[in-house]
1. Farthest toward the dipole's positive end in the range A:190-266, which of A:A239, A:F264, A:G206, given Cβ charges of +1 (Lys, Arg) and -1 (Asp, Glu) about the Cα centre?
2. For B:V134, enumerate residues with amide H under 5 Å from its amide H, sequence gap 5+ or separate chain, H modeled in the peptide plane.
3. Which order do peptides A:183-192, A:98-107 fall in by mean Cβ count within 10 Å, highest first?
4. Read phi for every residue in the range B:219-233 and hand back ³J(HN,Hα) as whole Hz from Karplus 6.51 cos²θ - 1.76 cosθ + 1.60, θ = phi - 60°, with x for Gly and Pro.
5. Could you tell me which chymotrypsin sites (Phe, Trp or Tyr not before Pro) in the range B:32-134 are loop residues by DSSP with no more than 15 other beta carbons within 10 angstrom of their beta carbon?
6. How much net charge surrounds A:F296 when only other residues with a Cβ under 14 Å from its Cβ are counted (Lys, Arg +1; Asp, Glu -1)?
7. Calculate how steeply helix B:3-37 sits against the longest principal axis of the alpha-carbon atoms of chain B, using the helix alpha-carbon long axis, and give the answer as 0 to 90 degrees to the nearest 10.
8. What average number of partner chain Cβ atoms lie no more than 10 Å from the Cβ of the residues making up B:102-114?
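What follows is calculated from the coordinates using simple rules that are stated; it is not laboratory data. Note that the coordinates shown come from a computational prediction; the quantities given were computed from them, not determined experimentally. Backbone-built Cβ (ideal geometry, glycine too); neighbour counts: all protein chains shown.
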Amino acid sequence: MNDDNGAASGNWLPVAVVAAIALTMPFWFPLIGGYEGLDTKIMIWALFVIGFDLLLGYTGYLSFGHAGFFGVSAYTTGLMLLHVTSDIVPAMIVSVIVTVLLAFAIGFMTLRRTGIYFSILTLAFAEMLYRAALSIFSDFTGGDNGLTGLPTPTLLGEPMHGLKVFYLSAAFAIVGFYIARRITRSPFGMMMRAIKSNQERLRYTGVNVSGYKLFTFVISATYAAVAGSLMVIYEPYVATVFLHWSTSGEVVIMSVIGGVGTLFGPMFGAAFMLYFENVASAAIGEQWLLILGLIFVLVVVFLPGGFVEGWRRLRHARGGTARAADTDTENERAN
Amino acid sequence: MSGSTVNALFMQVLTGFQLGAIYMLIGLGLTLIFGTLGVVNFAHGALFMLGAYAAVTLAPQTGFALAILLVPLLLFAFGIVMERGLIRKFYDRPHTDQIMLTFGLALVIQEALKWIYGANSLPFPLPDWGNGIVRLHEYLPFLTGFVAYPKWRLILTVVSFATVIALFLLLQFTRFGLVVRAGMRDPEMLRFLGVNIQRRFAIVFGLGAAIAGVAGLFGGPVASVYPGLGMAYLVPSFLVVVIGGMGSLPGAVVAAILLGMALSFSAEYSAMQQVSVYLIAVVVLLLRPRGLLGQKGVLE
């Protein structure tokens with residue numbers, strides 16, 4: 001119990017740090033070469049990967065289908081803005097509801113088997129949604145062109161663009177980070193880690209493992225849904241790539257490079273990848289993806305804990321063992 | 001049945017076999033590797049694509065006949081290097097790490113090919129002996145009137161099924177095949193018996209890669225050769241493996257034929273064609289989660 005209390009009191013510092021970094025971003029980010037709007041994208045993807053990390057880092061399930069949730073939510077938001085109202089509140093609510101229902105259905109079918117099966121099937125379901133959007137639903141989705149001609153989104157009559165979208169996204173990212181930390185430190189989070197380490201044993205103790213897995217999956221999809229919806233608010237346009245497997249792949253890469261199971265790591269990974277894309281593609285063009293792929297493979301082979309693990313090793317090597325161990329209790333608890 | 005109905009039905013069935021052929025070869029490699037090494041190879045589509053690119057590059061230099069020999073050998077070597085160099089180190093790591101590694105490799109292969117050859121699809125000239133059409137009504141008496149089929153697609157189908165038969169013969173009637181089949185059943189027991197399964201598993205991986213090479217070589221002209229080819233074929237091939245039952249070779253063949261037929265018979269409703277395959281997978285998954293011919297207990 002003492003440990004839990006300690007964790008709860010230390011709950012605010014990382015959130016405050018993330019909030020401070022995020023909210024001041026429009027001031028310092030352009031100084032290191034980030035274009036206007038890239039900071040908004042970073043916030044949106046950070047939110048996306050936090051949810052992804054709850055599933056991969058804590059529960060141990062590698063989804064290759066999160067593009068499905070991101071994309072379906074994006075399309076729903078797009079359709080709401082186009083046909084119903086340009087106000088973002090109903091658009092976001094409907095998008096999240098639709099995505100949650102979808103996540104229940106997909107989770108029910110994919111989580112019944114092992115992790116390998118899960119990775120393959122989530123990929124297949126997301127690909128099915130992608131194909132469906134381009135074929136049978138092309139009348140609604142605009143087919144290969146994506147959903148274009150959306151009105152400027154509004155919030156209570158205020159048009160949403162520029163800094164307003166940034167602060168909206170940053171607020172969601174910070175709150176999302178806070179909620180995710182609370183989840184991982186709750187008894188529910190304990191169950192998630194127990195599922196990752198040995199779900200057979202957990203089942204024998206009488207725990208409803210499938211229920212916990214399904215619920216984690218849906219929470220994770222909800223993060224993707226909010227992110228997908230924000231993406232369309234940020235740039236009133238729905239690209240088909242939102243549903244494509246490469247979007248799922250990007251979330252995997254961001255999380256792994258940053259360090260799965262740390263929440264902060266994947267957020268950093270998202271920021272790194274988007275920043276790297278911006279800087280590196282200016283220097284070497286399309287080949288930045290090849291470099292990124294190589295970085296990803298190197299991290300998977302040599303540094304399975306990602307940048308967070310690298311940072312910890314660096315501090316250990318410097319002799320700052322005590323402090324490193326102190327601040328990284330969360331990681332150890334995750335492992 | 002009238003003559004034209006027989007013709008139409010025959011053509012659709014033939015097209016079904018042809019459409020399923022590439023997925024069958026990729027799916028066989030996937031299930032072979034999964035059954036023996038326990039690794040889901042997300043880079044298998046990339047290996048197939050590598051086969052197609054190798055064929056496009058080699059064929060004009062060496063002639064197509066020599067490319068038929070070289071491409072599978074090249075992929076075999078590539079597979080062995082991949083297994084010995086990287087995948088072997090991941091046998092003790094969690095499955096998610098193995099999937100991430102192979103996914104990363106797929107990405108690297110894809111982007112490297114894009115860098116070298118560009119993002120557009122490459123023309124894949126057929127050899128002279130593969131051009132043109134075959135007048136099927138001259139050989140098959142039950143067909144009426146004029147029934148023709150592209151020669152290369154027929155070659156692709158025949159070669160694919162010949163490859164499958166060769167693989168089954170290899171596994172059924174050689175000592176190597178015996179060990180591999182035993183390894184698929186119970187690798188631990190095999191290790192106790194003092195069999196060096198590590199070396200044989202490297203060969204199995206190479207074999208899977210070589211079959212993907214055959215698929216790329218003969219399937220390349222039918223598909224278009226561009227850097228997205230690998231992932232485009234990987235997902236339906238996964239479905240083949242899941243529908244057939246993970247680790248079941250006959251299951252992969254049956255599922256691939258089923259998938260080809262679904263593609264062929266839903267072609268009239270072109271919008272549905274894209275999705276029909278996934279619907280079959282959903283139905284199989286709900287009714288029989290281990291797959292059509294999957295063994296009890298495997299991934300259940």
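1. Among A:A239, A:F264, A:G206, the one farthest towards the positive end of the dipole of the range A:190-266 is A:G206.
2. B:Y149, B:K151
3. Going by the mean number of other Cβ atoms within 10 Å, highest first, we get A:98-107, A:183-192.
4. Ordered by residue, 3J(HN,Hα) equals x, x, x, 7, 7, 9, 8, 9, x, x, 4, x, 5, 4, 8 Hz.
5. In loop regions of the range B:32-134 (DSSP not H, G, I, E or B), the sparsely surrounded chymotrypsin sites (Phe, Trp or Tyr not before Pro) are B:Y91.
6. Numbers: positive: none; negative: A:E250, A:E277, B:D97, B:E111.
Net of charged neighbours comes to -4.
7. Once rounded, one gets 10 degrees.
8. Working: counts 2, 14, 14, 4, 2, 11, 8, 2, 4, 9, 5, 1, 4.
Mean shielding count: 6.
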